[in-house]
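Single-structure report; data block below.
Throughout, read-outs are computed from the coordinates displayed, never taken from laboratory work. Predicted, not measured: the structure shown is a model, and the values here were computed from it. So basically every Cβ, Gly included, is an ideal-geometry build from the backbone, and we count neighbours across all protein chains shown.
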Amino acid sequence: MRKMSMFMMLSLDGFFEGPGHDLSWHNVDDEFNMFALDMLRGADLFIYGRRMYQVMEEAWPRMAKDPTLSKENREIAYLINNTPKIVVSRTLNGVKENEYWKNVRLMHELDIEEIRRIKSQQGKDIMVGGSELATTLAREGLIDEFMFMMNPVVIGNGTRILSGLGLKLNLGLIGSKQFKSGNVLLKYAPSPHP
């Protein structure tokens, strides 16, 4: 069975994005990029909600063409652009592929049973991107690992992670790492005990 993981950058006051979907406060450096590269190498499927998909589709094909990118960022771009992706959206009419953006499938409605079937297959990790999608998958008990990268910033307002979950979710700490930038990675797994 494959592991399904959610990764989110968070501010110290619990937001994953600022007003207007602002992500400019994300604290990213070479050490973070090496972490991201390891995480991406361990995955063979990304499942995105519409908004996260559109952010990725806009940024990474363009970055793949940037000759000034570091070797690590070129590999990150390659992995994001070529790894199979499912985008869950009721509002997208279709998805487009090109030489830099490949292996995309549109799922108009989130089919939980199909996600369970995909998860039961052999393979690498499944990475989930998008707060609403992650909330639904967490409610269904499908997320095995929650990775929160705490950024040393308070943004004051924005969108909270897992908003609308509607249930208590007990998590147990399974790992942590402090970065030179001040970021702290916290890894949790669902736990039956508080």
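Note on the chain: antiparallel DSSP beta bridges, both residues inside, total approximately 40 percent of the bridges counted. The HN-Hα couplings worked out from phi for segment 77-89 by the Karplus form 6.51 cos²θ - 1.76 cosθ + 1.60 (θ = phi - 60°) are 4, 4, 5, 5, 6, 10, 5, x, 10, 10, 10, 9, 7 Hz, whole numbers, x standing for Gly and Pro. Between residue 129 and 47, 48, 49, the built amide H atoms are under 5 Å apart, and every one of these is 5 or more places off in sequence or on another chain. What the phi angles of segment 138-150 give under the Karplus curve with 6.51, -1.76 and 1.60, with θ = phi - 60°, is a coupling list of 5, 4, 7, x, 9, 8, 8, 9, 10, 10, 10, 9, 6 Hz, glycine and proline written as x.
Phi angles across segment 118-134 convert, under the Karplus curve 6.51 cos²θ - 1.76 cosθ + 1.60 with θ = phi - 60°, into 3J(HN,Hα) values of 4, 5, 6, 6, 6, x, 7, 5, 10, 9, 9, x, x, 5, 5, 4, 4 Hz, Gly and Pro given as x. Put simply, the amide H of residue 9, placed in the peptide plane, has neighbours under 5 Å in 149, leaving out anything fewer than 5 places away on its chain.
How would you rank 89, 11, 70, going from fewest to most other Cβ atoms within 10 Å of each one's own Cβ?
Working: 89 20, 11 23, 70 10.
By the 10 Å Cβ count, ascending, the order reads 70, 89, 11.
Reducing segment 1-35 and segment 49-126 to their Cα centroids gives an inter-centroid distance of 17 Å.
Measuring between alpha carbons in the structure, the pairs from 71/168; 65/180; 102/168; 71/177; 65/168 lying more than 32 angstrom apart are 71/168; 102/168; 65/168. From least to most packed, judged by other beta carbons within 10 angstrom and beginning with the fewest, 48, 188, 78 follow the order 78, 188, 48.
Please label the shape of segment 4-190 as rounded, prolate or oblate, based on the square roots a ≥ b ≥ c of the eigenvalues of the alpha-carbon gyration tensor (a/c under 1.5 means rounded; beyond that, a/b larger than b/c means prolate, else oblate). Rounded. Residues of segment 95-139 with amide nitrogen under 13 Å from the 7 Å Cα-to-Cβ point of residue 169? Only 128-139 pass the distance filter.
Distance between the 7 Å Cα→Cβ label points at residue 102 and residue 21: 2.7 nm.
For the chain, the 222 nm mean residue ellipticity estimated from helices alone, with every DSSP H stretch of n ≥ 4 adding -39500 (n - 2.57) and the total spread over all residues, rounds to -9000 deg cm²/dmol.
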